[in-house]
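**Student:** Take a look at this one; I'll ask things after.
The values are calculated or read from the model by the stated rules, or taken from the named source; none is laboratory data. Just so we're clear, the structure is a prediction, and the values are computed from it rather than from any experiment. Methodologically, a virtual Cβ is constructed for each residue, glycine included, from the backbone with ideal geometry; neighbour enumeration extends over all protein chains shown. Just the protein is used for accessible areas: all its heavy atoms, side chains included, with ligands, DNA and RNA removed. Shrake-Rupley method; radii C 1.70, N 1.55, O 1.52, S 1.80 Å.
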Amino acid sequence: MKKFTLALIALLSMTYFVEAQQYVSTEPSNRNVILEEFTGRGCGYCTDGHRIANQIMANNPGRVWAINIHAGGYAQTSYPNMITADGNTIHGGFSISGYPCGVVNRTTSAAIDRGQWNSQANSQMNQASECNVAGVVRINPDTRIATITVEVYYTGNSTVDQNYLTVAMLQDSILGSQSDYGNYNPTQWLNGQYVHMHILRDIITTSAWGDAISPTTQGTLITKTYEYEIPESIGNPNGVTVNLDHIFFLAWVSERFQNTPTRPILTACELEKTTITEQPIYPMINNVSQALTASCGNTKTFNCVLANIGTDPLNTIKFAATVEGDTHEFEWDGELASGEQTNISFEMEIPFGTFTGTLDITEVNGEAYEASWSFETECDQWGEVEVDGATTTLKVYIIQDQFGQQTTWDIINSAGEVIAQGGPYQQLVGSGGTQPNLTTVYDVPTNECYLFRIYDSAGNGICCNYGEGYYYIKDENGEKIFEGDGSFGDMAAHLFLIKQNLSVDEPTDCSFKIYPNPANDKIYVEGKDIELVEMFNAIGQKVAEVKGYETIEIDVTSIENGVYFVRVNDKTQKVLISR
């Protein structure tokens, strides 16, 4: 691996700072936290440390980052060997009496027990920081060169005239073995292998303890740029491949050397990560994902990020999304400069089931182009309930596990609006207990699709070692619309449709007539004393409404083929649209 410092520290006055600063905030803020956890694959209690660290990060997004450092007697050199020289150096800088243990912003000279991490992290986040840190990492996927720019801005004065900046590379989603004495962290097991997360892979700065920076007085901006060649693999023997999609970079500022380590840590951040190449035309698609929306139908929405990692601007791009042989073509128009990215979305029909689709770029700036990405699709059946009124009542039952404070839920409609929500609940006394919680939701509009979502902030559902929780929703008649068990990890979701009963009247009983039937482009309604004409689709959603006259014309050219219900005053007839 290669590390090069490209630019020396830039010292700027407060007046000039406004023009030069790019990434870092100039506003005073509290400390962010680095939690360095000393761990190993042979440590059976370390999975509990992983769980606790994950929970602290989940409770404080963008404020706390855990670094798993594999070092010490429980770290193993068999595959995947996650031991690093820098990790050994950091491990050697603190007194350690047992595993798992860790240091929170290096506030102690000895590593502390996992039970103390949360309170120590909260204490740090409540303290004002002397400085802010931010930056960006630009990675060329062809050369694996990362250009890292970090800015430190002092909102106050440090107690010493020289601090230390550290930049580290971490990696997620490394599969391998792991001792686990009590199934402490069940959500990180996948097909018999443990998914190792936020693993220290390398320190980018010259020293594991950071590079010296000064001055450290209020109003000072310090900018450092590093060029780093990302290795194909790290670890000897039995090294682990460095997957560019699974790496991320942290930066932090430490106060001073105290014996061996630089400590305490004053603040930290995760650096923004982008991709850039030297090729003129190079569009890239990231994070293709299906939107989790209340859609009771086969048409699904997909979101992704379009990035320009070439040197020339992007203006037009043609796409083809294919799932199970069906292709949907769409086009993006705009102006995307080199290094910029934008969010795009598309819709397509998805059959019932779970499938892998492909998203292809077929043309860029009017020229043929070939690039392809895969994405996952899912279309589930939805539960249905039919009621008589325009609104109804739902009863939401959550049978929580011991850690009810980790559980929340909500219900959204097709417009994405939250119509009901609940939790968090109380933590129960004792181990493995459960407790029912009931929420009644009144005046829920009918003829609408809804999505129920239940979350567990610890990522392990509401089950197993902590009580066998579950959940369900009943309609106004006491019938279950759906139910689910507690084994859902971070989140579970269920679609359900509430329809108003639209009974169809016999044509001979009607004081009006509807023609033609089947219809093509227009439907006519004739009769006396017509006050209102409404048209509904097969799932009860209103597609047209016209105030009453003796003869009414409804334009159906924009309505899809299918069976519809036309309600005139209080009577309903079935109509077929067919072209």
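**Student:** What residue, of T262, T205, T220, is farther than 30 Å from V323 by Cβ, of a type outside the set (A, V, I, L, M) and in contact with a Cys (Cβ under 9 Å, 6 or more places away or on another chain)? Step through it out loud before you land on a result.
**Tutor:** Working: T262 fails: in contact with a Cys (Cβ under 9 Å, 6 or more places away or on another chain); T205 fails: in contact with a Cys (Cβ under 9 Å, 6 or more places away or on another chain).
Result of the check over T262, T205, T220: T220.
**Student:** Separate question: Can you list the strands (runs of 3 or more DSSP E) lying wholly within the stretch 373-474 that have 1 or more residues being buried (at least 16 other Cβ atoms within 10 Å of the Cβ) and over 24 Å from the mean Cα position of the chain (by Cα)?
**Tutor:** Working: elements: 383-387, 391-400, 407-413, 418-422, 435-445, 448-456, 470-474.
Because the criterion is at least 1 residues that are buried (at least 16 other Cβ atoms within 10 Å of the Cβ) and over 24 Å from the mean Cα position of the chain (by Cα), the strands (runs of 3 or more DSSP E) in the stretch 373-474 that meet it are 383-387, 391-400, 435-445, 448-456, 470-474.
**Student:** What is the residue count in the stretch 329-348 for residues that are among the acidic types (D, E) and not in a strand (DSSP E or B)? Don't jump to the end; show me each part of the working.
**Tutor:** Step one: of the stretch 329-348, the residues among the acidic types (D, E) are 329, 331, 333, 335, 340, 347.
Retained after the next criterion (residues that are not in a strand (DSSP E or B)): 340.
Qualifying residue count, the stretch 329-348: 1.
**Student:** Applying the selection to the stretch 121-150, what residues are of a type in the set (G, A, S) and in contact (Cβ under 8 Å) with a residue 60 or more places away in the chain? Break it down stepwise before answering.
**Tutor:** Initially, the stretch 121-150 is screened for residues of a type in the set (G, A, S), giving 121, 123, 128-129, 134-135, 146.
Once the filter is applied, which keeps residues that are of a type in the set (G, A, S) and in contact (Cβ under 8 Å) with a residue 60 or more places away in the chain, the stretch 121-150 yields A121, A128, S129, A134, G135, A146.
**Student:** Looking only at the stretch 478-489, decide whether some residue is outside any strand (DSSP E or B), at pLDDT below 85 and surrounded by fewer than 17 Cβ atoms within 10 Å (Cβ to Cβ). So that I can check it myself, show each step before the final result.
**Tutor:** Of the residues in the stretch 478-489, the ones outside any strand (DSSP E or B) are 478-479, 486-489.
Checking which are at pLDDT below 85 leaves us with 489.
So of that shortlist, the ones also surrounded by fewer than 17 Cβ atoms within 10 Å (Cβ to Cβ) come out as 489.
Checked the stretch 478-489: at least one residue is outside any strand (DSSP E or B), at pLDDT below 85 and surrounded by fewer than 17 Cβ atoms within 10 Å (Cβ to Cβ).
**Student:** Consider only pairs whose beta carbons are under 9 Å apart and that are at least six residues apart or on different chains; among these, list those whose first residue lies in the stretch 415-429 and is under 18 Å from T439 (Cβ atoms) and whose second residue is among the acidic types (D, E) and loosely packed, with under 14 Cβ neighbours inside 10 Å.
**Tutor:** Qualifying pairs under 9 Å: none.
**Student:** Across the stretch 325-344, which residue is most open to solvent (accessible area, probe 1.4 Å) among those that are of a type in the set (V, I, T) and in contact (Cβ under 8 Å) with a residue 12 or more places away in the chain? Before the answer, list the steps.
**Tutor:** If we filter the stretch 325-344 for residues that are of a type in the set (V, I, T), which is where we start, we get 327, 342, 344.
From what is left, the residues that are in contact (Cβ under 8 Å) with a residue 12 or more places away in the chain are 342, 344.
Values: T342: 45, I344: 18 Å².
By that ranking, first place goes to T342.
**Student:** A follow-up question, please. Go through the stretch 239-280 residue by residue and tally those that are β-branched (V, I, T), open to solvent by 30 Å² or more (accessible area, probe 1.4 Å) and within 29 Å of the chain's Cα centre (by Cα).
**Tutor:** Final tally of qualifying residues: 3.
**Student:** Filter the stretch 68-107 for residues that are among the hydroxyl-bearing types (S, T, Y), more than 14 Å from T260 (Cβ to Cβ) and out of contact with any Leu (no Cβ under 7 Å at 6 or more places or on another chain) and give the result. Give the steps one after another, and end with the answer.
**Tutor:** Restricting attention to the stretch 68-107, the residues satisfying the condition of being among the hydroxyl-bearing types (S, T, Y) are 74, 77-79, 84, 89, 95, 97, 99, 107.
Applying the additional criterion that residues be more than 14 Å from T260 (Cβ to Cβ) yields 74, 77-79, 84, 97, 99, 107.
Once the filter is applied, which keeps residues that are among the hydroxyl-bearing types (S, T, Y), more than 14 Å from T260 (Cβ to Cβ) and out of contact with any Leu (no Cβ under 7 Å at 6 or more places or on another chain), the stretch 68-107 yields Y74, T77, S78, Y79, S97, Y99, T107.
**Student:** Within the stretch 296-319, identify whether any single residue is open to solvent by 40 Å² or more (accessible area, probe 1.4 Å), at pLDDT below 90 and acidic (D, E), and answer yes or no.
**Tutor:** Among the residues of the stretch 296-319, not one is open to solvent by 40 Å² or more (accessible area, probe 1.4 Å), at pLDDT below 90 and acidic (D, E), which makes the answer no.
**Student:** Would you check if G357 is open to solvent by less than 40 Å² (accessible area, probe 1.4 Å) and either closer than 23 Å to D245 by Cα or touching a residue at least 12 places away in the same chain (Cβ under 8 Å) (or both)? Before the answer, list the steps.
**Tutor:** Numbers: open to solvent by less than 40 Å² (accessible area, probe 1.4 Å): yes; either closer than 23 Å to D245 by Cα or touching a residue at least 12 places away in the same chain (Cβ under 8 Å) (or both): yes.
Spelling it out, G357 is indeed open to solvent by less than 40 Å² (accessible area, probe 1.4 Å) and either closer than 23 Å to D245 by Cα or touching a residue at least 12 places away in the same chain (Cβ under 8 Å) (or both).
**Student:** Sort out for me the helices (runs of 4 or more DSSP H) sitting completely within the stretch 12-118 that have 3 or more residues that are touching a helix residue (DSSP H, G or I) at 6+ places or on another chain (Cβ under 8 Å) and buried (at least 23 other Cβ atoms within 10 Å of the Cβ).
**Tutor:** Result: 46-59.
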